Amino acid sequence: MERPVVLLAVPMTEDRRRIAREALGDRAEVLVRSDLDDAEIARRGPEVDVLVTGGFPRDIPADLWPRMGRLRLLQTVAAGVDHLPYDRIPARVTICSNAGAHRVSIAEHAMALLLAAAKNVVRHTDAIRAGTFPQDLMGRSVRGKTLGVIGLGGIGGEAARLATGLGMRAVGINRHGKSDAPVEWCGTMADLDRLLRESDFVLLSIPLTRDTLGLIGARELRLMKPDAILINIARGKLVRERDLYEHLRANPTFVAALDVWWQYPRGHGFPFTEPFHELPNVVMTPHVAWAIPEQSGWSLEAALENVARFLRGEPPRNVVDREEYAFEGGDAPASL
């Protein structure tokens with residue numbers, strides 16, 4: 001019987017190759033994109049049944065999509081899928097995200113941002129580098145405070161567990177209104193206003209879809225406590241950029257701790273259009289919440305576990321509803 005063909009269009013270290021062998025064994029023929037030149041990938045394209053990819057258009061040449069007539073499953077190694085080239089992916093193909101595979105690294109980073117903002121770590125570091133020693137700048141305790149998680153899934157649930165370990169009270173919302181995370185209450189998106197009013201810290205860990213695009217704007221920011229801390233490790237465009245900038249400028253006790261952005265420079269330049277770098281009440285990292293050595297292996301293991309389920313004839317997990325990512329004009333707006 002002919003084995004299915006799995007194309008791995010992701011960076012493949014020796015460790016990742018070992019993971020692929022262990023996960024798929026003799027169940028499939030495995031092709032590694034970086035091992036194939038353009039002519040070979042064009043020749044083998046019609047044989048591909050499963051594509052594993054980071055999801056970016058650069059991973060697969062545009063002219064290869066129509067050649068992959070046998071493609072049945074696209075499995076990403078990323079959790080977010082708002083960047084996929086949906087216009088190129090045939091309607092017959094099942095698309096699966098890698099939700100949950102990044103929960104440890106990203107939840108840890110969320111808590112690092114939370115604590116850095118609460119304890120003024122960046123401002124104190126800058127002061128000492130500038131030759132000053134300002135011991136009058138007070139930090140905030142997190143014990144007994146409320147963390148509100150918008151998007152209580154794998155990452156949000158892990159963050160809630162870490163927060164309760166620090167003595168925090170956690171609450172959250174998601175689309176189902178159910179979670180096994182250690183939260184005092186879990187509501188639906190209809191409970192957003194309640195969460196914003198109640199929380200001392202608000203964590204965004206929800207996917208960017210056509211329904212969540214611009215979820216946090218001027219109205220929502222005004223509902224939050226004057227000295228709240230907003231942490232975003234999900235997608236920049238969940239928040240309206242200008243609204244956040246104006247709120248931070250007008251409310252110096254309010255803090256934003258951001259790892260995700262509205263635009264992405266290549267090496268140099270700012271990831272925003274408003275001058276956030278001029279504000280003292282912003283903590284910033286360059287979309288590196290996932291960036292720990294172990295994550296590369298964890299991501300591929302989770303992705304290939306789902307591929308193996310599919311090849312065994314079992315329903316795959318984390319199936320994407322394309323309609324949720326049908327942004328007007330085809331893509332999420334460049335800025336909000």
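The values are calculated or read from the model by the stated rules, or taken from the named source; none is laboratory data. Bear in mind that the values here come from a model prediction, so they are computed numbers and not experimental data. Positions of Cβ are generated from backbone atoms using ideal geometry, with glycine treated the same way; all protein chains shown enter the neighbour counts. For accessibility, only protein heavy atoms count, side chains too; no ligands or nucleic acids. Shrake-Rupley method; radii C 1.70, N 1.55, O 1.52, S 1.80 Å.
When the chain is modelled as a GNM with alpha-carbon springs shorter than 10 Å, which of Val283, Val93, Val50 fluctuates the most? Residue with maximal mean-square fluctuation among Val283, Val93, Val50: Val93.
In the elastic network of the chain, a GNM with C-alpha springs shorter than 10 Å, the most mobile of Ile216, Ile292, Ile231 is Ile292. Probing with 1.4 Å while keeping every protein chain in the model, the per residue accessible area of the chain equals 48 Å².
Shape summary of region 1-87, radius of gyration then Dmax from alpha carbon positions: 12.5, 37 Å.
Its relative contact order, with pairs defined as Cα atoms under 8 Å and 6+ residues apart, puts the chain at 17 percent. Annotation: Asp87 carries an accessible surface of approximately 140 Å², with a 1.4 Å probe and no ligand, DNA or RNA atoms counted. Annotation: Met168 carries an accessible surface of approximately 10 Å², with a 1.4 Å probe and no ligand, DNA or RNA atoms counted.
Label separation (Val122 vs Arg219): 2.9 nm, computed from points 7 Å beyond Cα along the C-beta direction. Per atom type, the chain shows carbon and sulfur on 52% of its accessible surface, probed at 1.4 Å. For the chain, the 222 nm mean residue ellipticity estimated from helices alone, with every DSSP H stretch of n ≥ 4 adding -39500 (n - 2.57) and the total spread over all residues, rounds to -8500 deg cm²/dmol. Each of Asp211 and Glu305 was given a label point 7 Å from its Cα along the Cα-to-Cβ line. The distance between the two points is 2.7 nm. Across region 204-211, coupling constants 3J(HN,Hα) worked out from phi with the 6.51/-1.76/1.60 Karplus curve, θ = phi - 60°, read 8, 9, 10, x, 8, 10, 5, 8 Hz, and Gly and Pro carry x.
Region 1-37 and region 165-181 have their alpha-carbon centroids 38 Å apart. Extension gain for Ala291-Arg88 works out to 70.2 nm (0.36 nm per residue, less the C-alpha to C-alpha distance).
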